[in-house]
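Encoded as structure tokens, the structure appears first; notes follow it.
No lab work stands behind these numbers, since they all come straight from the coordinates. None of these values were measured; they are calculated from a predicted model. Because the Cβ atoms are built from the backbone with ideal geometry, glycine has one as well, and the counts that use them run over all protein chains shown.
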Amino acid sequence: MKKGYCIVSGGVQPKLASDVAKALGAEIIATELKTFANGERYARLEDTVRNKDLFIFQSCGNSKEYTINDALMETLIIVDAARRASAKEISVVLPFMPYSRQDRKARTREPITAALVLNMLKQAGVHRIITLDLHSTQIQSAFPGPFENLSARSLLLKEVSKIVKEKEGEDFIVVAPDAGSVKNSSKFATELNLPLVFMPKSRDEKDPTKITRTKIAEDLNKKNCLIFDDMIDTGGTIISAAEGLKNAGAKKIIVCATHGLLSLNAAERLKNSDVDLVIATNSLPQQYNEEILGKKMKTISIAPLLTNTIKSVDSGDNIVDID
Ligand code: R5P
């Protein structure tokens, strides 16, 4: 039996959309995507979407072919095409919400770009947003429709618990690498029944990869450190934390983040850093990072999480992995 909804994919990470469509047994509506000579993007739905509920997938991060802005613009164009083609209800699945860190006026005359992006999505015709581990949850208020902020917590916990179990008898601690990560890290520490260490950070405004840290007072002799953060961007936060932890005597440094942006040459810098393992989801494409980091990287698929979420949205059931 045909489902009442279809999947559409933007061009950044079609494999994620097709994995979910396969698991759901849902139809994928193909798209014609291209870029004009002057850089403008184009998207056309290749089949009818009249009266259908659509889930439009896009991974909005830098990739070889797409800038984050190209990915966002392409999403808006696909939504516009779907609305004008009489789609019934349009949900966008943006596992990483672009501009989500620009969520407040920290200085006078600054924009709140996270709100601007959510407004643009609404104006284009989006009914529902499905995302993962939003940098700050309160930004949801800038979007007036249904907003499912999923959590990769249980996926990451499962992976980390396996490691802790494998190294039975060894000491582990959870490390919060900055003030913003304390709440999240302490939840992980509680769930893993491990102590929490907080490492304050201050970032150079001119060079974001430069981070200053105060020396850790504790002796971390032979302790394995689990660092939890919502995202790894330039890698500055975790590379500097790992260095401080190793200087304090730590054994292995394992980093878990929902979003592996790994901008600039973060993959190369992480490879040569004190970090022993990076665990991230495929909320953004990870092929390049996997190639560079090899055994130092483990990617966890969010396809099952998105599959269950779409099932729940369709059936009206409660969504479990929500933040
Ligand atoms: C900060 O508020 C975030 O939670 C991350 O710690 C930060 O965005 C990571 O950035 P980077 O990898 O560039 O240090």
Report, in degrees rounded to the nearest 10, the 0 to 90 angle that the Cα long axis of helix 303-315 makes with the longest principal axis of the chain. 50 degrees
For the range 1-139, state the semi-axes of the equivalent ellipsoid (square roots of 5 times the eigenvalues of the alpha-carbon gyration tensor), sorted largest first and rounded to whole angstrom. 26, 17, 15
Between the modelled labels at D219 and R50 (7 Å from Cα along Cα→Cβ) the distance in nm is 7.7 nm
Listed with the fewest Cβ neighbours within 10 Å leading, I239, I78, I300 appear as I300, I239, I78
I need the Kirkwood Rh of the range 172-297: take the reciprocal of the average 1/r across all distinct C-alpha pairs and report it in angstrom. 14.4 Å
Taking 0.36 nm per residue of separation and subtracting the Cα-Cα distance, what length does fully extending Q123 through K22 add? 33.3 nm
Calculated FRET efficiency, S136 and S301, Cβ-Cβ r, R0 22 Å, to nearest 0.05? 0.30
Enter the angle in degrees (range 0 to 90, nearest 10) between the Cα long axis of helix 153-166 and the first principal axis of the Cα atoms of the chain, meaning the one along which they spread out most. 40 degrees
I56 long-range amide H proximity, modeled H, under 5 Å: V8, S91, V92, V93
Return one number: the angle in degrees, 0 to 90 and rounded to the nearest 10, between the long axis of the Cα atoms of helix 68-84 and the longest principal axis of the Cα atoms of the chain. 30 degrees
Would you calculate the separation in nanometres between label points at K311 and S202, each defined as 7 Å from the Cα along the Cα-to-beta-carbon direction? 5.0 nm
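How would you classify the range 154-202 from its alpha-carbon gyration tensor, with a ≥ b ≥ c the square roots of the eigenvalues: rounded for a/c under 1.5, else prolate if a/b is greater than b/c, otherwise oblate?
Numbers: a/c = 2.46, a/b = 1.72, b/c = 1.43.
Prolate is the answer for the range 154-202, as a/c is 1.5 or above and a/b outweighs b/c.
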Would you grab the residues whose amide H sits under 5 Å from the one on F172? Only those 5+ places off in sequence or on another chain, please, with H modelled 1.01 Å from N. N224
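As an exercise, identify the trypsin sites (Lys or Arg not before Pro) in the range 74-106 lying in DSSP coil whose Cβ has no more than 11 other Cβ atoms within 10 Å.
Here the sparse-neighbourhood loop sites are K105.
How large is the charge dipole for the range 7-142, taken about the Cα centre, if only the Cβ atoms of Lys, Arg (+1) and Asp, Glu (-1) carry charge, to the nearest 20 debye?
The dipole magnitude comes to about 400 debye.
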Which of V182, N119, L155 sits farthest toward the positive end of the charge dipole of the range 109-190, with +1 on the Cβ of Lys and Arg and -1 on the Cβ of Asp and Glu? N119
Which shape class applies to the range 125-222: rounded if a/c is under 1.5, otherwise prolate when a/b exceeds b/c and oblate if not, where a ≥ b ≥ c are the square roots of the Cα gyration tensor eigenvalues? oblate
Say we join alpha carbon atoms closer than 10 Å with springs in a Gaussian network model of the chain; which of G169, G61, G236 then has the biggest fluctuation? G169
Please give the FRET efficiency for A37 paired with E291, using the beta carbon to beta carbon distance and R0 = 51 Å, rounded to the nearest 0.05. 0.95
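Give the order of R50, R203 when sorted by the count of other beta carbons within 10 angstrom, beginning with the fewest.
Listing R50, R203 from fewest to most nearby Cβ atoms yields R50, R203.
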Which value, in debye to the nearest 20, gives the size of the charge dipole of the chain about its Cα centre, when Lys and Arg are +1 and Asp and Glu are -1 at the Cβ? 200 debye
Using a Debye calculation, one point per C-alpha and no hydration shell, please list log10 I(q)/I(0) for the range 1-41 at q = 0.26 Å⁻¹ in order. -0.87
Quick one: if the Förster radius is 45 Å, what FRET efficiency do N318 and E268 give, using the C-beta to C-beta distance and rounding to 0.05? 0.55
May I have the extent of the alpha carbons of the chain along their three principal axes, as whole Å values ordered from largest to smallest? 63, 46, 36
Using +1 at the Cβ of each Lys and Arg and -1 at the Cβ of each Asp and Glu in the range 222-323, identify which of L270, L245, I319 lies farthest towards the dipole's positive end. L245
Tell me which lysines have Cα within less than 16 Å of K295's Cα, excluding those fewer than 8 residues away on the same chain? K252, K271
Members of K158/K183; K165/K298; K201/K298 lying beyond 24 Å, as alpha-carbon distances in this model show: K201/K298
Cα to Cα, under 18 Å, and not fewer than 8 places away if on the same chain: which aspartates and glutamates meet these conditions relative to K167? E159, E191, D276
